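*Asks:* Quick one: the structure is below, questions incoming.
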Amino acid sequence: FSGPRVMLPPSLPLALLALLACFSPAASLTVAVTGATGNVGRAAVQRLVADGDCARILLRHEVSSGSAVPPAADADSSAVASYLVGLPGVEAVRGDINDPASLRDLLVGCDAVIAAHGARRTRKLSDFWRDPTHDPAHAK
């Protein structure tokens with residue numbers, strides 16, 4: 001074990017840091033990433049690309065083209081997805097985290113997985129009682 005090849009932001013969870021530190025610095029990896037449009041997922045994809053690795057990201061919606069401009073920290077998932085697919089070595093796989101076939105497609109040719117998906121943001125207390133099946137942006 002030769003240790004991590006780069007320093008990662010301290011805001012990334014320890015489990016993610018441990019996963020990325022396990023790989024040999026000489027190896028080029030293809031890593032599947034779920035939750036790539038969230039804060040942790042975006043940072044993971046950017047770090048993978050910076051290290052010369054490839055990322056296959058699972059996206060719920062089609063992205064028309066890549067944007068070279070990094071999105072703001074509070075950008076919506078469409079803007080983040082557009083930016084990420086424009087990075088070298090990033091491949092988008094359209095699908096849903098709750099669909100086994102989507103996950104099988106995502107994992108083809110991957111050496112590792114970063115599962116950075118999580119609960120959606122809630123802005124008010126009543127959001128906790130809303131039925132997620134009525135929200136078109138939520139994975140079903």
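*Asks:* Considering each residue of region 57-85, count those that are at pLDDT below 80 and of a type in the set (Val, Ile, Thr), and give that number.
*Replies:* Matching residues across region 57-85 total 1.
*Asks:* Select from region 32-49 the residues that are part of a helix (DSSP H, G or I), farther than 14 Å from Ala75 by Cα and in contact with a strand residue (DSSP E or B) (Cβ under 8 Å, 6 or more places away or on another chain) and list them in ascending order.
*Replies:* If the condition is that a residue be part of a helix (DSSP H, G or I), farther than 14 Å from Ala75 by Cα and in contact with a strand residue (DSSP E or B) (Cβ under 8 Å, 6 or more places away or on another chain), then Ala44, Val45, Leu48, Val49 are the ones that fit.
*Asks:* Considering region 38-67 alone, what residues qualify as being among the small types (Gly, Ala, Ser) and in contact with a Pro (Cβ under 7 Å, 6 or more places away or on another chain)? Before the answer, list the steps.
*Replies:* Keep residues of region 38-67 that are among the small types (Gly, Ala, Ser), which gives 38, 41, 43-44, 50, 52, 55, 64-67.
Residue satisfying the conditions is Ala43 alone.
*Asks:* Ok, one more. List the number of the failed condition for Asp76; all other conditions in (1) without any contact (Cβ under 8 Å) to a residue 40 or more places away in the chain; (2) touching a helix residue (DSSP H, G or I) at 6+ places or on another chain (Cβ under 6 Å) hold.
*Replies:* (2)
*Asks:* Among (1) modelled with pLDDT under 95; (2) within 14 Å of Ala115 (Cβ to Cβ); (3) open to solvent by less than 80 Å² (accessible area, probe 1.4 Å), there is one condition Asn98 misses while meeting the rest; what is its number?
*Replies:* Failed condition: (3).
The values are calculated or read from the model by the stated rules, or taken from the named source; none is laboratory data. These numbers were taken from a predicted model, which means no experiment stands behind them. Here the Cβ is made from the backbone with ideal geometry for all residues, glycine too, and neighbour counts use every protein chain on show. To get the accessible areas, we keep the full protein, side chains included, count just its heavy atoms, and leave off ligands, DNA and RNA. Shrake-Rupley method; radii C 1.70, N 1.55, O 1.52, S 1.80 Å.
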